[in-house]
1. Could you look through the range A:173-198, keep only residues that are open to solvent by 10 Å² or more (accessible area, probe 1.4 Å) and free of Cβ contacts under 8 Å to residues at least 40 places away in the same chain, and pick out the one that is farthest from the other protein chains (Cβ to nearest Cβ)?
2. Any residue in the range A:158-170 that's within 20 Å of residue B:161 (Cβ to Cβ): show its pairings with residues that are among the charged types (D, E, K, R) at Cβ separation under 6 Å, as long as the two are six or more apart or on different chains.
3. Taking residue B:133 and the conditions (1) open to solvent by 20 Å² or more (accessible area, probe 1.4 Å); (2) within 16 Å of ligand 2 (Cβ to nearest atom), which numbered condition does it fall short on, given that it satisfies the others?
4. For the range B:172-184, how many residues are surrounded by 12 or more Cβ atoms within 10 Å (Cβ to Cβ) and among the charged types (D, E, K, R)?
5. Of the residues in the range A:148-169, how many are facing another protein chain (nearest Cβ under 7 Å) and hydroxyl-bearing (Ser, Thr, Tyr)?
6. Report yes if some residue within the range B:84-91 is over 25 Å from residue B:175 (Cβ atoms), surrounded by 13 or more Cβ atoms within 10 Å (Cβ to Cβ) and among the β-branched types (Val, Ile, Thr); otherwise report no.
7. Would you check if there is a residue in the range B:94-108 being more than 7 Å from chain A (Cβ to nearest Cβ), in contact with a helix residue (DSSP H, G or I) (Cβ under 7 Å, 6 or more places away or on another chain) and farther than 15 Å from residue B:156 by Cα?
8. Just need a number here: residues in the range B:124-159 that are out of contact with any Lys or Arg (no Cβ under 8 Å at 6 or more places or on another chain), among the β-branched types (Val, Ile, Thr) and over 21 Å from residue A:215 (Cα atoms).
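The values are calculated or read from the model by the stated rules, or taken from the named source; none is laboratory data. Note that this is a predicted model, so its numbers are computed, not measured. Cβ sites come from the backbone with ideal geometry, for glycine too, and all protein chains shown count toward neighbours. All accessible areas refer to the heavy atoms of the entire protein, side chains included, with ligands and DNA or RNA removed. Shrake-Rupley method; radii C 1.70, N 1.55, O 1.52, S 1.80 Å.
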Amino acid sequence: MFKALLEYEFLQNAFLAAMITSIVGGIVGVIIVEKKLVMMTGGIAHTSYGGVGLGYLLGFEPIIGAFMFSIMAALGIGVIKNKSTGSKDIIIAMFWSLGMALGILFIGLTPGYPPMVSSYLFGNILSVTRFDLILMSILAVIILTLIFVFYQDWKAHLFDQQFTQIMRKKTNVLEYVLLILLALTVVVLIRVVGIILVIALLSVPASASSYLTGKLHLRMVYSMIFSFVFILSGLVVSYYTDISTGAVIVFAAVILYLLTWLYSRRLLYKENLKGE
Amino acid sequence: MRPLKIELNEISVNYGKIHALKNLNLTINEGDYIGIVGPNGGGKSTMMKSILGLIKPSKGKITYCGTSLKKSDIRMGYVPQISDINRMFPITVEEVVLSGRMSKEIRPFFKYSEEDKKAVEEVLDTVGLKKLKNRQINELSGGEFQKMIIARALTLKPDILLLDEPTAMVDVMSQRQIFSLIKKLSKDITIVLITHHVQMISKNVKKLIYLDRNIIAEGDPNQVYQYAYLRPVHQSIKKRVVGGAHV
Ligand SMILES: Nc1ncnc2c1ncn2[C@@H]1O[C@H](COP(=O)(O)OP(=O)(O)OP(=O)(O)O)[C@@H](O)[C@H]1O
Ligand SMILES: [Mg+2]
């Protein structure tokens with residue numbers, strides 16, 4: 001496979017995609033887990049399927065459609081949540097199912113053979129194109145810049161939003177920027193893990209790393225490493241078999257999650273013994 | 001002390017069909033030390049959040065030294081009910097307290113200065129947490145956590161300190177410590193304190209308020225305490241039934 005990596009462009013693309021995805025997913029995942037935005041992210045991801053469908057129907061890049069729809073979903077959910085007293089879960093569920101329904105509708109209306117949507121739903125790292133890669137890199141740069149330049153503000157905002165509001169910071173701005181970050185992250189991840197499995201890659205590495213360290217930035221680092229290992233294992237398995245990358249990644253992730261959980265239990269157990 | 005006057009004028013707050021506060025009037029002046037008591041769900045936290053601008057009242061107006069919150073430069077320190085905060089968040093004591101020195105603007109590449117760190121050190125000393133500066137917050141006891149949150153509120157040099165049940169999850173010794181700390185602070189800062197530990201504060205506060213959707217009793221701590229808690233139970237029930245609205 002190493003020789004192939006040097007030879008084939010699609011493998012190089014896949015490798016670069018794995019790197020970008022794990023950096024972005026690892027860092028944003030920690031934010032999502034700490035701020036309890038897992039379902040919100042799931043909602044945004046699934047809504048983007050409408051955009052994929054629209055892309056096929058009107059003949060433009062489906063990933064651009066996903067980009068538009070996920071931004072709209074993020075802002076839409078944010079605005080409605082702030083304006084109404086309705087439950088957040090229900091608003092998310094509406095977007096989630098409406099997006100999927102639109103996607104199915106648009107794809108049904110697309111003339112000719114039904115397009116291969118499964119790579120968008122379940123991810124296929126081996127089909128990442130140069131165009132995908134360029135888009136992913138641009139988004140990754142935007143996401144990482146926003147996070148690092150305003151790191152202290154994010155930290156305070158994630159820990160206690162009420163307090164940042166009392167300090168008269170523009171918490172609304174932070175909140176909407178955060179939602180847009182989620183939308184961009186979803187777009188970066190879709191080609192690799194697929195719409196349905198996005199939240200797995202965003203939540204599992206981050207929660208697993210929370211068992212290992214109590215420092216925010218270290219959590220981000222661990223979570224990046226975990227993500228990279230998962231995606232790479234997905235890449236290898238997909239290369240030799242026909243199994244979709246997303247599925248392999250999720251299996252690897254869940255296994256590692258259990259292992260870190262057991263490891264942290266063992267540490268606790270040892271400490272208890274010492275205490276006695 | 002800087003001049004301070006916060007006026008709540010006919011404030012009502014509804015959550016859907018629930019009326020948490022109804023036509024509430026209250027004035028807070030500089031130097032006040034007000035205790036607020038009342039039943040669970042009586043609207044105490046709601047009132048405090050309205051003052052802080054976290055909740056918009058559905059009716060009525062709150063003025064701060066005669067103007068709106070936005071235009072005034074009042075600094076308010078807030079110690080929220082402990083259940084409102086994520087105690088497992090990966091952050092150290094020092095970092096939490098430092099956030100009280102955060103700038104109002106969202107600034108790129110913001111870093112806390114040495115001066116900020118010194119100020120934090122001082123405040124941590126005041127609340128007795130100097131040794132725990134570098135601890136992760138998930139390793140703190142309930143009492144230590146509360147003192148940290150009080151420290152965070154103090155670092156912004158507030159004109160008024162609003163505390164929502166700062167002794168809720170705290171053992172009796174730490175309760176005493178926290179209340180005596182607040183008493184000491186009350187010499188320099190205006191204080192509004194919500195608590196269920198009425199006996200422990202009734203000697204300290206200058207004014208006690210019994211709140212149940214509206215101010216039921218207000219004034220001298222002893223009298224309010226007697227009125228709200230010591231009158232025979234049947235009498236208090238009768239009063240509510242006969243009066244319909246609260247007195
Ligand atoms: N975010 C919310 N959404 C809906 N209802 C709420 C919300 N916050 C408070 N309430 C309701 O408003 C009423 C007043 O609540 P509040 O928290 O102000 O009471 P409290 O006096 O602080 O009670 P406690 O002593 O239990 O802290 C309660 O009936 C509560 O159920
Ligand atoms: Mg309360």
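1. Among those that are open to solvent by 10 Å² or more (accessible area, probe 1.4 Å) and free of Cβ contacts under 8 Å to residues at least 40 places away in the same chain, it is A:177.
2. From the range A:158-170, the pairs are A:168/B:104.
3. Only one criterion is unmet by residue B:133, namely (2).
4. Of the residues in the range B:172-184, 2 are surrounded by 12 or more Cβ atoms within 10 Å (Cβ to Cβ) and among the charged types (D, E, K, R).
5. Residues flagged as facing another protein chain (nearest Cβ under 7 Å) and hydroxyl-bearing (Ser, Thr, Tyr) within the range A:148-169 amount to 0.
6. yes
7. No, the range B:94-108 has no match at all.
8. Within the range B:124-159, residues that are out of contact with any Lys or Arg (no Cβ under 8 Å at 6 or more places or on another chain), among the β-branched types (Val, Ile, Thr) and over 21 Å from residue A:215 (Cα atoms) number 2.
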